Amino acid sequence: MSDVIDLGHDHRLQFLRWAPDRDLNPQVSDVPDVERYAAVIEHLTPEGDRCAGGVTFDSPTARKIEPGKAMWSVESWAPLTLSPSVLCLRCGDHGFVRDGRWVVA
Ligand SMILES: [Zn+2]
């Protein structure tokens, strides 16, 4: 699997890894790295400007590190399917990631 997925509809998803420096963050010394912790979804606003939003994948590590944060369930990694839909709080872009594609909501 690539770390970047072209979802179509001018949407590009990049996976983000969680792997802090344990020397600087000893409080997480017992929390394992997560290769695909979150993702940034670059897209265009309704006006055509570049924008980006983020999703954090539901995982034991994410729940421990960021309790209470909104998280997305990964129904499938390949092709990527997330639940629920993704709403950009900056520009209002709204859609679903299903079968590795962006589906406009
Ligand atoms: Zn946006």
* Structure fact -> Whole-percent tail of the Cα-Cα distance distribution for the chain, cut at 22 Å, equals 33
* To do: Filter the trypsin sites (Lys or Arg not before Pro) in the stretch 2-105 down to the DSSP loop ones having no more than 14 other Cβ atoms within 10 Å, then list what survives.
  => R22, K69, R90
* Search the structure for amide H atoms under 5 Å from the amide H of D58, placed 1.01 Å from N in the peptide plane, and list their residues when 5 or more places away or on another chain. => W72, S73, V74
* Asked: Roughly how many debye, to the nearest 20, is the charge dipole of the stretch 2-43 about its Cα centre, given +1 on each Lys and Arg Cβ, -1 on each Asp and Glu Cβ, and no other charges?
  -> 60
* Structure fact -> Log entry: pair-distance distribution for the stretch 30-84, C-alpha pairs binned every 10 Å from zero, whole % per bin is 21, 45, 27, 7, 1
* What nm distance separates the two modelled labels at V103 and S73, each placed 7 Å from Cα along Cα→Cβ? -> 1.5
* Average projected area of the Cα convex hull of the stretch 3-42, in nm²? -> 3.1
* Within the stretch 80-105, which residues have the backbone N less than 13 Å from the label spot 7 Å out from E47 along Cα→beta-carbon, could you tell me? => 91-92
* Structure fact -> Percent antiparallel among DSSP beta bridges confined to the chain, nearest 5, equals 95
* **Qualifying GluC sites (Glu not before Pro) for the stretch 1-99 [loop in DSSP, other Cβ within 10 Å: at most 11]** => E47
* Structure fact -> Largest fluctuation, L24, L13, L44 only, Gaussian network model of the chain with Cα springs under 10 angstrom, belongs to L24
* Structure fact -> Summing +1 per Lys or Arg and -1 per Asp or Glu among the other residues with Cβ less than 14 Å from G92's Cβ gives -2
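Laboratory data are not the source of any read-out in this text; all were calculated from the coordinates shown. Source: prediction; values computed, not measured. Using ideal geometry, Cβ is built from the backbone for each residue, glycine included, and neighbour counts are taken over all protein chains shown.
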